[in-house]
Amino acid sequence: MNGALLSIQDVAVELPTPRGNLRAVDHVDLTLEAGRTLGVVGESGCGKTMLSRAILQLLPKKAKLTGRVMFDGRDLARLDPESLRELRGRDLAVVFQDPMTSLNPVLTIGTQLMETIQEHLELDAPAAKRRSIDLLTAVGIPAPEQRLAQYPHQCSGGMRQRIAIAIAMSCEPKLLIADEPTTALDVTIQAQILDLLAREQRRRHMAMILITHDLGVVAGRTDEVAVMYAGRVVERAPTPTLFKRMHMPYTEALLAAIPKLETAPHTPLPAISGRPPDPTRPLPGCAFAPRCRYAAGRCHQAKPDLSAAETAGHFYACFHPIQMAEDVGA
Amino acid sequence: MMQVAARNPSDEPLLKVDDLVVEYGLGNRTVHAVSGVSLEVARGETLGLVGESGCGKSTLGRAVLQLRRPKSGSVLFDGHDLTAMQGETLRRMRQRVQLIFQDPIASLNPRRRIGDIVAEPLIIAGVKDPEKRKQIVWEVLSAVGLDPDLVAGRLPHEFSGGQCQRICIARALVLNPEFIVCDEPVSALDVSIRAQILNLLEEMKTRFGLTLLFIAHDLAVVKAVSDRVAVMYLGRLCEVGPSEQLFAKPAHPYTALLLEAIPVPDPDVRPAESVATGEPPSPIAPPSGCRFRTRCPRADQRCSAEMPELRSVAPGQLVACHHPLI
């Protein structure tokens, strides 16, 4: 854990709601080294976005955060607002799902780019402008100089997301959090944006957390994947291991429920019955047990801990882990 | 009710769309949303319609139901031209054609109880006996996997997205329609719920003898339910063909591009560096000739001069391209 850039230790987030406290993130531990990519996968309400907000310290005001968020040797949860502001945008950058709402509609693209650059790097206006143009070129925006004078509504969704990425990269962050960066985009544009993120991540040796609901998005583009369910990380493994030797029934079920191109039309999909539990009424046992086809007595009474599997770096939280029949070479 | 009526088993397609043009005014400019689309859907068939946002697939679905009147072209449903119908005649015809929307929560009135929402089409259709209505509503709610005694008295906000979509499906089925346009019915749902709803649609299709136009942007989802697939780009059809064949051997470069761009949940499949350059042009000023030419790796002069027409390249497979891949 020593070399880790980011180390999330026992982080929990609780949100007060009229129906009682909602545990959005339930004691999560994660580490990420510089230059590596971590995928966080889960369905809506699983806590993946709240986890990213906890890292960025952008939680709703009423939320209660416990645990430690160690980033580059400092605990972000205990950092004063001034130091946090310095860190965010410079070392810690984020790209959100909807580029229309993350860009300011009444400021030009140039203003928004240069604002970040001048805030964090000691550059004068002409130098900041030159850097902005370079950044827009790097993210594949044609005629960058003209774009600087335009407003977000004059750009397409894909263009806006490229601009949001350019802003995120503008100060060479050490960690980029991409929260569903392509969910609002079309499939051909999604491929372009994912390629762009991967290329810039390698080139700048950034660490990246890619948050998505789509297992397909993390498969080819991450080093490690954490699967979340009902606020907890239920399985974590190097990407190839997760797909080939998963132990958590939820991971298996999620993967099986995706329609595949190879499957013949009208083949019934192996759906997961039921739906995720109500987060304001935590279950005593494993949160997936009511939907799990392997669940037995103990699963309904006690929460399984995240325990180590035989492969290094592989952890799962299940009393009845599945063993993949074929043993794929180590 | 609900017995699958012995429907006219003729060879005539149930739906026949011919050279349909739909345009929207935008100030003094025109959005060419659908530009001369022709297609047929046979009885009992599911035709998948795929394309990216803004390609006109939803507009096409709405124009079929006359929710957006086309500028020209015809929509023959069971031999009747819907574009020529108005008022009461159209309303009666619409009982045979229904629509399911993308956002199940937004398409249910938040202030009405589920039982009333599902019964509404029956009232409009003139089923006067409340007992009869209740019986039908109870039957469809059970059919879509909900317990009528538990759900009928509740309000939409008490249900999850997946359950709301079940309610929308029940509402679409309550008049025992023959044809349903499903406009992105699962794209607002989570993966685990998506599979449930797709299975339900398939089950309902068999049980009620439905014909479906299934509109979606996700090719794998479309393939899971469709007998044939039509690919749309910027208001025009690129390619139409039997699902298996079209996915195995796409003839149009755009279909191939879409297939390539899908992220595969398998770490051994390296994502191909996206060959797709650029973005779809604006439907306000679509390119001359082939509308895909500005992004097509095979485009040449002929593509900008001459608009390709749909022509047969394999049995059942039609493509609109001067340089098809097969």
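Computed from the coordinates by the stated procedures, all read-outs in this text should not be read as laboratory data. All values reported here derive from a predicted model rather than from experimental measurement. Every residue, glycine among them, receives a Cβ derived from its backbone with ideal geometry; neighbour counts consider all protein chains shown.
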Inset, instruction - Report, as an integer, the average count of C-beta atoms from other chains found within 10 Å of each Cβ along A:267-278. - result: 5
Inset, instruction - Filter the GluC sites (Glu not before Pro) in region B:242-326 down to the DSSP loop ones having no more than 15 other Cβ atoms within 10 Å, then list what survives. - result: B:GLU273, B:GLU306, B:GLU309
Legend entry - Whole-Å distance, taken between Cα centres, linking region A:232-250 and region B:171-246: 31 Å
Inset, instruction - Shielding by partners for B:256-263, please: the mean number of other protein chain Cβ atoms within 10 Å of each residue's Cβ. - result: 5
Legend entry - Order by protection proxy (mean Cβ within 10 Å, highest first), peptides A:160-167, A:57-64: A:160-167, A:57-64
Inset, instruction - Within region A:230-298, report the GluC sites (Glu not before Pro) that DSSP leaves as loop and that have at most 10 other Cβ atoms within 10 Å. - result: A:GLU262
Legend entry - Relative contact order, percent, region A:1-144 [alpha-carbon distance under 8 Å, six or more residues apart]: 20 percent
Inset, instruction - Return a whole-number percent for the relative contact order of chain A, with Cα pairs under 8 Å and 6 or more residues apart as the contact set. - result: 20 percent
Legend entry - Cα→Cβ-extended label distance, 7 Å offset, between B:GLN135 and A:ALA312, nm: 7.1 nm
Inset, instruction - Report the FRET efficiency, 1/(1 + (r/R0)^6), for A:ALA264 and B:ASP18, where r is their Cβ-Cβ distance and R0 is 30 Å, rounded to 0.05. - result: 0.45
Inset, instruction - Have a look at B:THR30, B:THR46, B:THR294 and tell me which one the Gaussian network model of chain B (Cα, springs below 10 Å) gives the largest fluctuation. - result: B:THR30
Legend entry - Three-way shape call for the protein assembly as shown based on the alpha-carbon gyration tensor, with the a/c threshold at 1.5: oblate
Inset, instruction - Per residue of A:208-216, count partner chain C-beta atoms within 10 Å of its C-beta, then hand back the mean as an integer. - result: 2
Inset, instruction - Excluding residues fewer than 8 places away in the same chain, name every one of the aspartates and glutamates whose C-alpha is closer than 19 Å to that of A:LYS244. - result: A:ASP214, A:ASP223, A:GLU224, A:GLU235, A:GLU252, A:GLU262, A:GLU310, A:GLU326, A:ASP327, B:ASP266, B:ASP268
Inset, instruction - Treating cross-link reach as a plain straight distance, find the lysines whose alpha-carbon is under 29 Å from the alpha-carbon of B:LYS57, omitting any fewer than eight places away in the same chain. - result: A:LYS260, B:LYS16, B:LYS71, B:LYS205, B:LYS223, B:LYS249
Legend entry - Nearest-0.05 FRET efficiency for A:ALA296 and B:SER72, computed from C-beta distance (R0 56 Å): 0.30
Inset, instruction - Can you spot the lysines whose alpha carbon is less than 23 Å from A:LYS174's alpha carbon? Ignore those fewer than 8 places along the same chain. - result: A:LYS48, A:LYS129
Legend entry - Derived scalar couplings ³J(HN,Hα) [region A:184-189; Karplus, 6.51 cos²θ - 1.76 cosθ + 1.60; whole Hz; x for Gly, Pro]: 8, 10, 6, 4, 6, 6
Inset, instruction - Evaluate the distance, in nm, between pseudo-label points positioned 7 Å from the Cα of A:THR111 and of A:LEU283 along their respective Cα→Cβ axes. - result: 5.1 nm
Legend entry - Neighbour-limited loop hits for trypsin sites (Lys or Arg not before Pro), region B:49-133 (at most 12 other Cβ within 10 Å; DSSP other than H, G, I, E, B): B:ARG111, B:LYS128
Legend entry - Euclidean distance between Cα centres, region A:55-111 to region B:73-125, Å: 47 Å
Inset, instruction - Can you tell me the relative contact order of region B:167-294? Whole percent, Cα pairs under 8 Å, sequence separation 6 or more. - result: 17 percent
Inset, instruction - Can you pull the one-decimal nm distance between simple spin-label points at B:ARG113 and B:MET307, each 7 Å off the Cα toward Cβ? - result: 5.3 nm
Legend entry - For region A:205-293, radius of gyration divided by Kirkwood radius, i.e. Rg to Rh on alpha-carbons: 0.99
